[in-house]
Amino acid sequence: MYLAGIDLGGSSIKAGLVDENMSLVCKSSRQTDVERGFSKVTADMADMVSQLAHQQGIALSQIKSIGIGLPGIFQNGIANAVNLFWKDVPLESEMKKHIDLPVFADNDATVAAVYEYHFGALKESKVGVLLTLGTGIGGGIIINGKPFNGAHGLGGELGHIQIVPDGLPCTCGNKGCLENYASATAMLRQGRRCVAERPESLLFKLTDGDMNRVTAKLVTDCAMQGDHIALALVDAYVGYLAVGIGIIENTLDPDTIALGGGVSNTGAFLLDKIIAACADKGVFTGKKYADIKFAVSGNDAGILGAAMLGVA
């Protein structure tokens, strides 16, 4: 038997099939295009699972269940996700219109954190936190081996910690949220601004002045090559992220904070900067705070964690 896992994000949908050993055997991705509405996005997710089964040469009856990690909450079959502009969406029943398999769902960062606890960077952590840095910032909290999302299932929204009072408006309705300053989207926004305003920058040169060619990875690549303008952007990004991590450390005192999403592909350059920036954020100087590391499963954590929702 196989398990299907779907990592549903604001920019892309990533789906995969996992075998009985929790190994990812195949995967695919598509653009989310959230403006199409939830019905078409849901139809795409079901179609991706069907296509993967066909690719693997198996019948749908050989898939035990579909697990979905989404950037929001899922309660009693109903999904709410700010970055998808979903409010009280009947996700479970909508999926079953397209594919007759059991459907489970939970917060994307929470399911990724569960996977990292069992198989990755959070293993053996009494208190572990996963931050997924992508279109927004997701937060997954594991305490004594169990996901923690508060009394009403509404907690763990670490991307919406306010770090800049009266700062940039967020899709959640508040201002100054961490994800407005320390997500991949935030770095992309600053990179595009750099291309528009700093023609002497390496970013401008490598994109021929085309803002649409800027990626968050290109910003960090330019910084690694010594471009002082890109380096300033990266340092500002790291500074904001460190403020958020400091709040998490002083609130939860985790053993480990794992960083997932695209940032996990940047290597020691960025991680070393993040660790250094967080060194003075703890209230008690000289005391041991969290080990900060990259998530082991990288961009696949969401797929793998979502698939685990079907494990009895």
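The values are calculated or read from the model by the stated rules, or taken from the named source; none is laboratory data. Just so it is clear, the structure is predicted and the values come from calculations on it, not from any experiment. Cβ placement follows ideal geometry from the backbone for every residue including glycine, while neighbour counts extend to all protein chains displayed. Areas reflect the complete protein model, heavy atoms only, side chains present, ligands, DNA and RNA absent. Shrake-Rupley method; radii C 1.70, N 1.55, O 1.52, S 1.80 Å.
What's the number of the condition Gly156 fails, among (1) modelled with pLDDT under 95; (2) open to solvent by less than 60 Å² (accessible area, probe 1.4 Å); (3) not in a loop (DSSP other than H, G, I, E, B)?
So the condition that Gly156 fails would be (3).
If you check Ile58, Ile63, Ile6, which single one turns out to be touching a Leu at 6+ places or on another chain (Cβ under 7 Å) and either touching a residue at least 40 places away in the same chain (Cβ under 8 Å) or among the polar types (S, T, N, Q) (or both)?
Working: Ile58 fails: touching a Leu at 6+ places or on another chain (Cβ under 7 Å); Ile6 fails: touching a Leu at 6+ places or on another chain (Cβ under 7 Å).
Sole residue among the options that is touching a Leu at 6+ places or on another chain (Cβ under 7 Å) and either touching a residue at least 40 places away in the same chain (Cβ under 8 Å) or among the polar types (S, T, N, Q) (or both): Ile63.
(1) of a type in the set (Val, Ile, Thr); (2) open to solvent by 50 Å² or more (accessible area, probe 1.4 Å); (3) closer than 29 Å to Thr215 by Cβ: which one isn't true of Ile137, the others all being true?
So Ile137 meets the others, but not (2).
Any chance you could count how many residues in segment 240-258 are in a helix (DSSP H, G or I) and in contact with a Gly (Cβ under 9 Å, 6 or more places away or on another chain)? Lay out the reasoning, then the answer.
Residues of segment 240-258 that are in a helix (DSSP H, G or I), as a first pass: 240-252.
Within this subset, residues satisfying the condition of being in contact with a Gly (Cβ under 9 Å, 6 or more places away or on another chain) are 244, 246, 248-250.
Residues flagged as in a helix (DSSP H, G or I) and in contact with a Gly (Cβ under 9 Å, 6 or more places away or on another chain) within segment 240-258 amount to 5.
Pairs, please: C-beta under 6 Å, at least 6 apart or cross-chain, first residue without any contact (Cβ under 8 Å) to a residue 40 or more places away in the chain and of a type in the set (Val, Ile, Thr) and in segment 206-223, second buried (at least 17 other Cβ atoms within 10 Å of the Cβ) and in a loop (DSSP other than H, G, I, E, B)?
Once the first residue is without any contact (Cβ under 8 Å) to a residue 40 or more places away in the chain and of a type in the set (Val, Ile, Thr) and sits in segment 206-223, its partners that are buried (at least 17 other Cβ atoms within 10 Å of the Cβ) and in a loop (DSSP other than H, G, I, E, B) give Thr207/Val214.
Quick one: in segment 107-134, of everything that is acidic (Asp, Glu) and in contact with a strand residue (DSSP E or B) (Cβ under 7 Å, 6 or more places away or on another chain), which residue is surrounded by the fewest Cβ atoms within 10 Å (Cβ to Cβ)?
So the residue we want is Glu116.
From Ile68, Ile58, which residue is surrounded by 15 or more Cβ atoms within 10 Å (Cβ to Cβ) and within 30 Å of Cys170 (Cβ to Cβ)?
Values: Ile58 fails: within 30 Å of Cys170 (Cβ to Cβ).
Unique residue meeting the criteria: Ile68.
Name the single residue, out of those in segment 291-303 being in contact with a Ser or Thr (Cβ under 6 Å, 6 or more places away or on another chain) and either part of a helix (DSSP H, G or I) or touching a residue at least 60 places away in the same chain (Cβ under 8 Å) (or both), that is surrounded by the most Cβ atoms within 10 Å (Cβ to Cβ). Outline the logic, then answer.
First, the residues of segment 291-303 that are in contact with a Ser or Thr (Cβ under 6 Å, 6 or more places away or on another chain): 291, 294-295, 298.
Going one step further and asking which of them are either part of a helix (DSSP H, G or I) or touching a residue at least 60 places away in the same chain (Cβ under 8 Å) (or both), we end up with 294-295, 298.
On the way: Phe294: 21, Ala295: 25, Gly298: 15.
Among residues in segment 291-303 that are in contact with a Ser or Thr (Cβ under 6 Å, 6 or more places away or on another chain) and either part of a helix (DSSP H, G or I) or touching a residue at least 60 places away in the same chain (Cβ under 8 Å) (or both), the one surrounded by the most Cβ atoms within 10 Å (Cβ to Cβ) is Ala295.
If you go through segment 204-219 one residue at a time, do you hit one that is open to solvent by less than 10 Å² (accessible area, probe 1.4 Å) and either within 25 Å of Leu24 (Cβ to Cβ) or in a helix (DSSP H, G or I) (or both)? Give the steps one after another, and end with the answer.
Filtering segment 204-219 down to residues open to solvent by less than 10 Å² (accessible area, probe 1.4 Å) leaves 207, 214, 219.
Subsequent filtering for residues that are either within 25 Å of Leu24 (Cβ to Cβ) or in a helix (DSSP H, G or I) (or both) retains 207, 219.
Scanning segment 204-219, I find at least one residue that is open to solvent by less than 10 Å² (accessible area, probe 1.4 Å) and either within 25 Å of Leu24 (Cβ to Cβ) or in a helix (DSSP H, G or I) (or both), so the answer is yes.
Consider Phe104 carefully, then state whether it is open to solvent by 60 Å² or more (accessible area, probe 1.4 Å), touching a residue at least 40 places away in the same chain (Cβ under 8 Å) and under 24 Å from Thr171 (Cα atoms). Step through it out loud before you land on a result.
Working: open to solvent by 60 Å² or more (accessible area, probe 1.4 Å): yes; touching a residue at least 40 places away in the same chain (Cβ under 8 Å): yes; under 24 Å from Thr171 (Cα atoms): no.
The answer is no for Phe104.
Regarding Ile275, is this residue crowded, with 16+ Cβ neighbours inside 10 Å and part of a strand (DSSP E or B)?
On the way: crowded, with 16+ Cβ neighbours inside 10 Å: yes; part of a strand (DSSP E or B): no.
Criteria not met by Ile275.
Looking at segment 267-306 only, could you name the residues that are of a type in the set (Gly, Ala, Ser) and either under 30 Å from Ala4 (Cα atoms) or touching a strand residue (DSSP E or B) at 6+ places or on another chain (Cβ under 8 Å) (or both)?
Initial filter on segment 267-306 (of a type in the set (Gly, Ala, Ser)): 267-268, 276-277, 279, 282, 286, 290, 295, 297-298, 301-302, 305-306.
Gly267, Ala290, Ala295, Ser297, Gly298, Ala301, Gly302, Gly305, Ala306, listed by residue number.
Which of the numbered conditions does Gly140 fail, given that it passes all the others? Conditions: (1) closer than 20 Å to Asp253 by Cα; (2) among the small types (Gly, Ala, Ser); (3) in a loop (DSSP other than H, G, I, E, B).
The one condition Gly140 does not meet is (3).
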